[in-house]
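Here the structure is laid out as structure tokens; the discussion comes afterwards.
Each reported figure results from applying straightforward, stated rules to the coordinates on display, with no laboratory input. In this text, all values refer to a predicted model and were calculated from it rather than measured experimentally. With ideal geometry, Cβ positions are generated from the backbone for all residues, glycine too; neighbour counts draw on all protein chains shown.
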Amino acid sequence: MNTTRSQKTSPKVPPAAYDELCDFLHQSGSPLTPAEAIAGAIKLWITKSREDAAPLRGYQWKQLFLPDGTRLRVHSGDTWQGADVIGDDLIFRGEAVSPNQMVQQTCGDARNAWLELWIRFPGERNWTRAAQLRARQNELAAKAPLTPAEAMAAAAKAMSAALSTALTLVEHANHQSQNTLERRLPRYRRAHDQLDDIH
């Protein structure tokens, strides 16, 4: 529905929603009038919609996405060294680095960044080891529903494996039956196992 700014009448609020808003404002002791609350809600909705439409900034570390504002730290000796995700970069000591480079600069070459780094996402209070976050991400990815094409490919792969197993079993059964028949041939029998033909 297209609306123009030249319209002088505002849209009507459903009476039940308006009554619910008035009751809420009264019960909460809000100093806002219903018109002010409606205007504020509209502004908040517009702001939220714009934020949701904006591309999410952050650093992609393999399968783990670190949004803008994420903090990383690594323990070296008696101190913690920290880095921040700013925009699309991981900034450590004023330079854009990878998590592995951060760990190498702090702890040396023989360290696994997944095991050494601790991460705190924006709005969170606790630090979590990167390896735990990666494990959670892998679990979620494993539980994710397959697309129809992926489901068909998985089914075809399973059917192929089942057919291959069935053919192997048939081949084994044929081999076993052939061996049983061959064991009965005279050349495979011991001399004392053979009965003399008495006529």
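Listing for the model above:
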| quantity | calculated |
| --- | --- |
| Options Arg71, Arg50; residue that is in contact with a Gly (Cβ under 7 Å, 6 or more places away or on another chain) and surrounded by fewer than 17 Cβ atoms within 10 Å (Cβ to Cβ) | Arg71 |
| The one condition in (1) buried (at least 17 other Cβ atoms within 10 Å of the Cβ); (2) in a helix (DSSP H, G or I) that Tyr59 fails to fulfil | (2) |
| Total residues in the stretch 53-67, condition closer than 20 Å to Ala131 by Cα and either in contact (Cβ under 8 Å) with a residue 24 or more places away in the chain or out of contact with any Gly (no Cβ under 9 Å at 6 or more places or on another chain) (or both) | 9 |
| Qualifying residue in the stretch 85-108 (condition: under 30 Å from Gln137 (Cα atoms) and among the basic types (Lys, Arg)) | yes |
| Selection count, the stretch 52-75, where residues are under 23 Å from the mean Cα position of the chain (by Cα) and farther than 12 Å from Pro122 by Cα | 14 |
| Subset of the stretch 99-148 (residues that are of a type in the set (Gly, Ala, Ser) and within 19 Å of the chain's Cα centre (by Cα)) | Ala130, Ala131, Ala135, Ala141, Ala142, Ala144 |
| Selection from the stretch 109-126 of residues that are among the aliphatic types (A, V, I, L, M), surrounded by 17 or more Cβ atoms within 10 Å (Cβ to Cβ) and not in a strand (DSSP E or B) | Ala113 |
| Enumeration of residues in the stretch 127-164 that are surrounded by 10 or more Cβ atoms within 10 Å (Cβ to Cβ), among the β-branched types (Val, Ile, Thr) and more than 30 Å from Val74 (Cα to Cα) | none |
